[in-house]
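Trainee: Attaching a single structure in structure tokens format; questions to follow.
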Amino acid sequence: MNPTPRSRKVGTWQAVGSLVAHYRKQARLTQEQFSELAHIHVDTVRSIEQGRLALQPDRAEQFDELLGTGGALAVFVTRLPVRERIVQFAQGLVDHEQEAVGILSYESLLVPGLLQTKDYCRAVFDYRYPAIGDETAEQWVNARMERQLIWRRRRPPVGHFVLEESILRRQVGGQEVMREQFRQILELTEPTNVSFQIMPVESVPHACLDGPLVLLETPEHERLAYLEVQRASFLVDDPEEVSDYHHKYAMLRSQALSPDKSVRLLHGLLGES
């Protein structure tokens with residue numbers, strides 16, 4: 001199963017951008033004049049109007065106020081599906097993630113997005129190379145935080161996460177950001193429907209040395225696997241191949257620290273042991 005085609009996402013934001021340009025012109029403002037009013041760079045205005053940069057809800061509210069549009073832009077943007085605010089190569093995952101009844105995730109480099117704090121997430125994007133602009137980074141951070149609303153659903157999914165111990169020892173954003181991140185992992189995995197295990201650094205070899213893995217179960221009880229490397233991703237729906245990934249994940253769970261030991265290790269990193 002291939003990731004969602006780029007054309008759909010670009011078309012959405014081109015439509016939003018055209019609406020911004022229409023209201024700006026109605027207000028008899030040039031792009032330069034409008035950028036000064038909004039206290040943003042003129043290139044940001046151009047990018048939004050051309051559909052190359054998504055218009056986030058807080059920015060939409062600001063534009064509505066400046067252009068006297070009665071909240072039209074904010075209503076339009078907030079009613080867009082969460083997937084439209086996700087970077088294109090990850091949209092296939094988000095489509096299914098929002099409705100999944102089960103999520104199993106192994107991560108080897110970073111805390112999984114569904115567990116990240118806002119500060120940790122922002123630090124990850126700040127480290128990105130080549131660098132991305134502040135506006136784009138803020139959009140991606142907000143979109144990732146929105147993804148976490150699945151834990152607040154009336155019937156949230158069952159979630160299980162296996163994290164490499166090295167992730168917890170890598171100082172992303174600094175010591176206080178990491179401490180906040182540890183607390184959030186403990187908080188989000190406290191309910192009975194979510195749990196985590198830590199893979200100790202000395203556990204080599206283990207079943208997932210070939211990279212991160214996300215397994216999803218849909219409301220129709222179909223099973224999918226999501227694989228991601230750099231800026232490429234793959235959704236796998238072939239039953240035989242997905243079954244292999246489930247066997248791999250089951251072995252991984254048996255090789256990691258137990259949930260109780262994992263919680264104790266995290267409390268130890270917080271100095272609370």
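The values are calculated or read from the model by the stated rules, or taken from the named source; none is laboratory data. This is a predicted model, so every value here is computed, not measured. A quick note on method: Cβ atoms are made from the backbone with ideal geometry, for glycine too, and the neighbour counts reach across all protein chains shown.
Trainee: Of a type in the set (A, V, I, L, M, F, W, C), closer than 30 Å to Phe234 by Cβ, assigned to a helix (DSSP H, G or I) and modelled with pLDDT under 95, is that true of Val45? Steps first, please.
Mentor: Working: of a type in the set (A, V, I, L, M, F, W, C): yes; closer than 30 Å to Phe234 by Cβ: no; assigned to a helix (DSSP H, G or I): yes; modelled with pLDDT under 95: yes.
In short, no.
Trainee: Any residue that is out of contact with any helix residue (DSSP H, G or I) (no Cβ under 8 Å at 6 or more places or on another chain), assigned to a helix (DSSP H, G or I) and over 17 Å from Leu265 (Cα atoms) - is there at least one of those in segment 107-121? Let's see the steps before the verdict.
Mentor: Residues of segment 107-121 out of contact with any helix residue (DSSP H, G or I) (no Cβ under 8 Å at 6 or more places or on another chain): 112.
Among the residues that remain, those that are also assigned to a helix (DSSP H, G or I) are: none.
The answer is no; no qualifying residue exists.
Trainee: So how many residues does segment 205-218 have that are farther than 12 Å from Ala100 by Cβ, surrounded by fewer than 16 Cβ atoms within 10 Å (Cβ to Cβ) and touching a residue at least 12 places away in the same chain (Cβ under 8 Å)? Walk me through it before giving the result.
Mentor: The initial filter retains those residues of segment 205-218 that are farther than 12 Å from Ala100 by Cβ, namely 205-213.
In the following step, the residues that additionally are surrounded by fewer than 16 Cβ atoms within 10 Å (Cβ to Cβ) were identified as 205, 209-211.
Retained after the next criterion (residues that are touching a residue at least 12 places away in the same chain (Cβ under 8 Å)): 211.
Residues that pass the stated criteria total 1.
Trainee: Among what's in segment 249-273 and is without any contact (Cβ under 8 Å) to a residue 40 or more places away in the chain and more than 23 Å from Leu209 (Cβ to Cβ), pick the residue that is surrounded by the fewest Cβ atoms within 10 Å (Cβ to Cβ).
Mentor: Of everything passing the filter in segment 249-273, Gly271 is surrounded by the fewest Cβ atoms within 10 Å (Cβ to Cβ).
Trainee: Take Asp210 and decide whether it is modelled with pLDDT under 95 and over 20 Å from the mean Cα position of the chain (by Cα). Write out each step before concluding.
Mentor: Working: modelled with pLDDT under 95: yes; over 20 Å from the mean Cα position of the chain (by Cα): yes.
Yes: the conditions hold for Asp210.
Trainee: Further, regarding this structure: Kindly list the number of the only condition in (1) in a loop (DSSP other than H, G, I, E, B); (2) basic (Lys, Arg); (3) modelled with pLDDT of 80 or more that fails for Arg59.
Mentor: The failed condition is (1).
Trainee: Against the conditions (1) small (Gly, Ala, Ser); (2) at pLDDT below 95; (3) farther than 13 Å from Ile150 by Cα, where does Ala100 fall short? Just the number, please.
Mentor: Here Ala100 meets the rest and fails (3).
Trainee: Among the residues of segment 226-273, what is the count of those that are in contact with an Asp or Glu (Cβ under 8 Å, 6 or more places away or on another chain) and modelled with pLDDT of 90 or more? Show your work before the answer.
Mentor: So the first thing to find is which residues in segment 226-273 are in contact with an Asp or Glu (Cβ under 8 Å, 6 or more places away or on another chain), and the list is 234, 237, 265.
So of that shortlist, the ones also modelled with pLDDT of 90 or more come out as 265.
Residues meeting the conditions: 1.
Trainee: Right, something else. Quick one: which residue in Arg85, Arg79 is under 30 Å from Ala21 (Cα atoms), basic (Lys, Arg) and either at pLDDT 95 or above or crowded, with 16+ Cβ neighbours inside 10 Å (or both)?
Mentor: Details: Arg79 fails: either at pLDDT 95 or above or crowded, with 16+ Cβ neighbours inside 10 Å (or both).
Going through Arg85, Arg79 in turn, the sole match is Arg85.
Conditions (1) modelled with pLDDT of 90 or more; (2) of a type outside the set (A, V, I, L, M), marked per residue:
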site	(1), (2)
Gly17	yes, yes
Gln31	yes, yes
Leu37	yes, no
Gln50	no, yes
Phe63	yes, yes
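Trainee: Another question about this same structure. Scan segment 219-248 for residues that are in contact (Cβ under 8 Å) with a residue 60 or more places away in the chain and in a strand (DSSP E or B) and report the count.
Mentor: 8
Trainee: Hey, another quick one. For segment 143-169, name all the residues that are modelled with pLDDT under 95 and farther than 18 Å from Val101 by Cα.
Mentor: Ala143, Arg144, Met145
Trainee: In this structure, is Arg183 touching a residue at least 40 places away in the same chain (Cβ under 8 Å), assigned to a helix (DSSP H, G or I) and either aromatic (Phe, Trp, Tyr) or farther than 19 Å from Leu114 by Cβ (or both)?
Mentor: On the way: touching a residue at least 40 places away in the same chain (Cβ under 8 Å): yes; assigned to a helix (DSSP H, G or I): yes; either aromatic (Phe, Trp, Tyr) or farther than 19 Å from Leu114 by Cβ (or both): no.
Against the criterion (touching a residue at least 40 places away in the same chain (Cβ under 8 Å), assigned to a helix (DSSP H, G or I) and either aromatic (Phe, Trp, Tyr) or farther than 19 Å from Leu114 by Cβ (or both)), Arg183 does not qualify.
Trainee: Going through segment 134-163 one residue at a time, which ones are more than 21 Å from Leu104 (Cβ to Cβ) and touching a residue at least 12 places away in the same chain (Cβ under 8 Å)? It would help to see each step written out before you state the result.
Mentor: To start, the set of residues in segment 134-163 that are more than 21 Å from Leu104 (Cβ to Cβ) comprises 134-143, 145-146, 154.
Matches in segment 134-163: Glu135, Thr136, Ala137, Glu138, Gln139, Trp140, Val141, Asn142, Ala143, Met145, Glu146.
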